[in-house]
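I have placed the structure first, in the form of structure tokens, so that the comments after it can refer back to it.
The values are calculated or read from the model by the stated rules, or taken from the named source; none is laboratory data. Worth saying up front: this structure is predicted, and the values here are computed from it rather than measured. Reconstructed Cβ throughout: ideal geometry from the backbone, glycine too, with neighbour counts over all protein chains shown. What goes into the accessible areas is simple: the full protein's heavy atoms, side chains included, and nothing from ligands, DNA or RNA. Shrake-Rupley method; radii C 1.70, N 1.55, O 1.52, S 1.80 Å.
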There are 4 protein chains.
Amino acid sequence: MVKDLEEDFHTQYGIISAKDLKSEKEMLFSNKKEKFLLFNPTFPDLWENLLRGPQVLIQKDIGLVLAKTGINKESKVVDAGGGSGSLCLSLANVCKEVTVYEINPEHHSIITKNANLLGFKNLNLKQQDVYQGIDEKELDLITLDLPEPWRVTKSAEKVLKTGAFLVIYLPNLTQVQQFIESTKESRITVIEILELLERKWKIEEKIMRPEFEMLGHTGFMVFCRKF
Amino acid sequence: MVKDLEEDFHTQYGIISAKDLKSEKEMLFSNKKEKFLLFNPTFPDLWENLLRGPQVLIQKDIGLVLAKTGINKESKVVDAGGGSGSLCLSLANVCKEVTVYEINPEHHSIITKNANLLGFKNLNLKQQDVYQGIDEKELDLITLDLPEPWRVTKSAEKVLKTGAFLVIYLPNLTQVQQFIESTKESRITVIEILELLERKWKIEEKIMRPEFEMLGHTGFMVFCRKF
Amino acid sequence: MVKDLEEDFHTQYGIISAKDLKSEKEMLFSNKKEKFLLFNPTFPDLWENLLRGPQVLIQKDIGLVLAKTGINKESKVVDAGGGSGSLCLSLANVCKEVTVYEINPEHHSIITKNANLLGFKNLNLKQQDVYQGIDEKELDLITLDLPEPWRVTKSAEKVLKTGAFLVIYLPNLTQVQQFIESTKESRITVIEILELLERKWKIEEKIMRPEFEMLGHTGFMVFCRKF
Amino acid sequence: MVKDLEEDFHTQYGIISAKDLKSEKEMLFSNKKEKFLLFNPTFPDLWENLLRGPQVLIQKDIGLVLAKTGINKESKVVDAGGGSGSLCLSLANVCKEVTVYEINPEHHSIITKNANLLGFKNLNLKQQDVYQGIDEKELDLITLDLPEPWRVTKSAEKVLKTGAFLVIYLPNLTQVQQFIESTKESRITVIEILELLERKWKIEEKIMRPEFEMLGHTGFMVFCRKF
């Protein structure tokens, strides 16, 4: 994660000289003779390094949003909640335009900084309360990772395209229940309620078993469409 | 899934006239007075309708590839295997360029047809055996859903960018083991082996429980990077 | 499942003579020359054959009751609900004395018949409504597999020994919630709420994977103790 | 866990006098005025306190053995492996007679001590290597929690009753595979290979979700019968 090619880069395995960093070489050595491989970071490299905060949507859940909604370079999306930006940055990575509602000034500044570092021009960050309404129109997707998504149902109904998606991410089933209640008599139709369990495996010589440590729960996801 | 606006559309709930289809109206009625909602299909609408074949990568697994590799509008990808195209079409939906190796003539023609219907210009389909090598260079991602991925390890090592991803999808752990073996002494490094379990929920009035039916297994996914 | 040693036993693979059945031979042949192995049925053999009815507690869940409560040849147990008797028969298999409350006459007669066939003398079946109260005292365990277990909380509190267990089996979390509510301000203390997912594996030569079919849900189990 | 009624019992909440312990009172007070409830420990209370050692069979897996084999007060069982005795003590709790093969002197002495504290007369502990053979005959169940169960297949075949169970507990699928191989051309027939995932729930007022922490893996269980 070198940020300035004009300066030597300090690591726990020694210092890599600025001269080496600017060279075309792929294989570098620190002053402690440790081997380094130089390459352009991918989006997940940056994503993992930028994020800060106690609780973020993890990749399995982000992936489900991407795959189930099929959003792409033509999609217009609004995202709200989830302070550290793990979801909105991933959406901006594939969409045409992502608008984020983030009223908390601290979170707002973290996301701004992260979007800048990633060089994303298509992420529009508003320090505005999504419970007060959504300004954008003809949206392909709205994603909500906030405590009271039922306060957004009516606004979402107005600004989504027909057939477009509303995806809710919630830790508690009581919240899921209350959100579903809010969609009655609206054009927001609940399609699926689901959760993903990720199981990691360890396979090495004679060892072939699931990892003992496992995350027992992240969140429930409610997939809705405007019909 | 109307394909020709000049013709009446026949459904199990009656016929919708071509005149109505071409109108700007969102709400239509069939000759049986059944209500229809007219909207542009999203990618998942098309995807679900186009796919044919006994076994396809499902959305939870496709999503994990999208989220963990972070591919986007700038990515160059090669995909091989998985006859019906469920993965390659999803990749083409977000990537710059996807090349598919598909030697089976029947599968080749299904994918061609599906890509045409979706109007994808960035999917390049080769009727070629991926076990014989990969022509493309500087790839950001290679995905393999075929019985002997270990026969592709060496080629993948040559044509991936440093830091880029190789993702393997396999039903059996014996295959996973054999693939991992093939990466020893190569620059292909296994990062993670994992699987996702998807649990659907039913929430309606007093009912709040997981669905009784569940898919117990789809495939194991091996995420590798070239280091 | 031979019931009468004086009669020939008819199977889909031919008839085994009564003479053979009464012999000491372990290996028998039907009149169609098919090989049969003769042995005393174990409890699970009988259990699987006796049970009838749409929904029964399955072994993983029964096992959890046995292991977590540690009931044994000295335990006095009351069981209610779960018409076909899958749980009460399993309890009677290891306990000193099991009393079953079953008000439905049809279920009552099925359980009676099954207990007789198993030759269980320690299963006491009452055609009585458990919601009206429990007569037994100083119980080591009460198990409930019925729609409104909260109507039994007060009775259970009275008749359980201090430290003894109350185990509730319920399909819906809304019911679990309502039951937990009923324990407030009683000596019934909720210890754990949990569910078990059973995953079957197929391992044969090159095949090594979980079965594709899986039961996504049976029931939530609430383990309580009287403190 | 009071062991001597003639002595005061010291706890982190103060001392309870021997006089109180011997009284008939259920509710006691320590010298710090803390309230204590006096009751006879159940088997799980003792079991949890006696066990020591890094890895023990946990209740969900023990329960599955109990429920699937249906062992009871008439069963003769042999158990080997699993040093701390978590399984053999649970078996002795419901069976007629359990013989344990434990060659490790340290584990041998732990199990002896635990069996004594529980007052179990039906647990027969042998400091003998089970790989060298099994002396008992006409067994209803053999349970193995050791690294090379395939070395016991032949002995098990000889000493199990026809129709009786052999249950193997193993962390790695490579071991499961090797064990299954060992049963070919024997009368030991693999019935099922499975694993249980236990999911704990937190339900309190507005909270209704699975616990974030979860044990991702304990062991695979192979259920066999002699046919």
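So, in region D:69-88, of the ones that are touching a strand residue (DSSP E or B) at 6+ places or on another chain (Cβ under 6 Å) and of a type in the set (D, E, K, R), which residue ends up farthest from the other protein chains (Cβ to nearest Cβ)?
Per the stated criteria, the residue is D:D79.
Conditions first: (1) within 11 Å of another protein chain (Cβ to nearest Cβ); (2) in contact with a helix residue (DSSP H, G or I) (Cβ under 6 Å, 6 or more places away or on another chain). C:P149 passes all but one, so which condition is the exception?
It fails just one condition, (1).
Go through region A:86-110 residue by residue and tally those that are touching a His at 6+ places or on another chain (Cβ under 9 Å) and either surrounded by fewer than 24 Cβ atoms within 10 Å (Cβ to Cβ) or at positive phi (or both). I'd like the intermediate steps shown before the answer.
Keep residues of region A:86-110 that are touching a His at 6+ places or on another chain (Cβ under 9 Å), which gives A:100, A:102.
If we keep only those that are either surrounded by fewer than 24 Cβ atoms within 10 Å (Cβ to Cβ) or at positive phi (or both) too, we end up with none.
So the count comes out to 0.
Being of a type in the set (S, T, N, Q), touching an Asp or Glu at 6+ places or on another chain (Cβ under 9 Å), over 16 Å from C:V78 (Cβ atoms) and more than 12 Å from every other protein chain (Cβ to nearest Cβ) narrows it down to one residue among C:S182, C:S186; which is it? Walk me through how you get there before you give the answer.
On the way: C:S182 fails: touching an Asp or Glu at 6+ places or on another chain (Cβ under 9 Å).
Only one candidate qualifies: C:S186.
Check region B:12-32 and report whether any residue there is touching a helix residue (DSSP H, G or I) at 6+ places or on another chain (Cβ under 8 Å), within 7 Å of another protein chain (Cβ to nearest Cβ) and without any contact (Cβ under 8 Å) to a residue 40 or more places away in the chain.
Start the filter on region B:12-32 by keeping residues that are touching a helix residue (DSSP H, G or I) at 6+ places or on another chain (Cβ under 8 Å), which leaves B:28-29.
The next check asks that each one be within 7 Å of another protein chain (Cβ to nearest Cβ); those that pass are none.
For region B:12-32, residues touching a helix residue (DSSP H, G or I) at 6+ places or on another chain (Cβ under 8 Å), within 7 Å of another protein chain (Cβ to nearest Cβ) and without any contact (Cβ under 8 Å) to a residue 40 or more places away in the chain: absent.
Can you tell me which of D:T189, D:T183, D:T143, D:T162 is polar (S, T, N, Q), in contact (Cβ under 8 Å) with a residue 40 or more places away in the chain and in contact with a Phe, Trp or Tyr (Cβ under 6 Å, 6 or more places away or on another chain)?
Working: D:T189 fails: in contact (Cβ under 8 Å) with a residue 40 or more places away in the chain; D:T183 fails: in contact with a Phe, Trp or Tyr (Cβ under 6 Å, 6 or more places away or on another chain); D:T143 fails: in contact with a Phe, Trp or Tyr (Cβ under 6 Å, 6 or more places away or on another chain).
Within the list D:T189, D:T183, D:T143, D:T162, the selection yields D:T162.
Among the residues of region C:59-83, write down those that are within 24 Å of D:K226 (Cβ to Cβ) and out of contact with any Asp or Glu (no Cβ under 6 Å at 6 or more places or on another chain).
First pass over region C:59-83, keeping only residues within 24 Å of D:K226 (Cβ to Cβ): C:59-60, C:62-63, C:66.
Selection gives C:Q59, C:I62, C:G63, C:L66.
Given the criteria in a strand (DSSP E or B) and within 14 Å of another protein chain (Cβ to nearest Cβ), does D:V98 qualify?
Details: in a strand (DSSP E or B): yes; within 14 Å of another protein chain (Cβ to nearest Cβ): yes.
Taking the combined requirement at face value, the residue satisfies it.
In the set A:I142, A:I111, which member is in contact with a strand residue (DSSP E or B) (Cβ under 7 Å, 6 or more places away or on another chain), farther than 19 Å from A:Q177 by Cβ and at pLDDT 95 or above?
Values: A:I111 fails: at pLDDT 95 or above.
Exactly one residue qualifies, and that residue is A:I142.
Would you confirm whether or not region D:205-217 contains a residue that is at pLDDT 95 or above and more than 7 Å from every other protein chain (Cβ to nearest Cβ)?
No: region D:205-217 contains no residue that is at pLDDT 95 or above and more than 7 Å from every other protein chain (Cβ to nearest Cβ).
List the helices (runs of 4 or more DSSP H) inside region A:1-83, counting only whole elements, that have at least 3 residues being in contact with a Phe, Trp or Tyr (Cβ under 7 Å, 6 or more places away or on another chain), modelled with pLDDT of 90 or more and open to solvent by less than 50 Å² (accessible area, probe 1.4 Å). Spell out the reasoning first.
Numbers: elements: A:18-22, A:43-50, A:59-69.
Where helices (runs of 4 or more DSSP H) fall fully within region A:1-83 and carry at least 3 residues being in contact with a Phe, Trp or Tyr (Cβ under 7 Å, 6 or more places away or on another chain), modelled with pLDDT of 90 or more and open to solvent by less than 50 Å² (accessible area, probe 1.4 Å), they are A:59-69.
C:E48 versus (1) under 14 Å from the mean Cα position of the chain (by Cα); (2) within 20 Å of C:V2 (Cβ to Cβ); (3) within 9 Å of chain D (Cβ to nearest Cβ); (4) not hydrophobic (A, V, I, L, M, F, W, C): which is the lone unmet condition?
The one condition C:E48 does not meet is (3).
Residues that are open to solvent by 60 Å² or more (accessible area, probe 1.4 Å), at least 2 per element: which strands (runs of 3 or more DSSP E) completely within region B:111-227 meet that?
So the answer is B:188-204, B:213-215.
Which one of the conditions (1) touching a residue at least 60 places away in the same chain (Cβ under 8 Å); (2) out of contact with any Gly (no Cβ under 6 Å at 6 or more places or on another chain) does A:Y169 fail to meet, given that it meets all the rest?
All conditions pass for A:Y169, except number (2).
Just the residues that are in contact with a Ser or Thr (Cβ under 8 Å, 6 or more places away or on another chain) and charged (D, E, K, R), please, taken from region D:202-216.
Residue satisfying the conditions is D:K206 alone.
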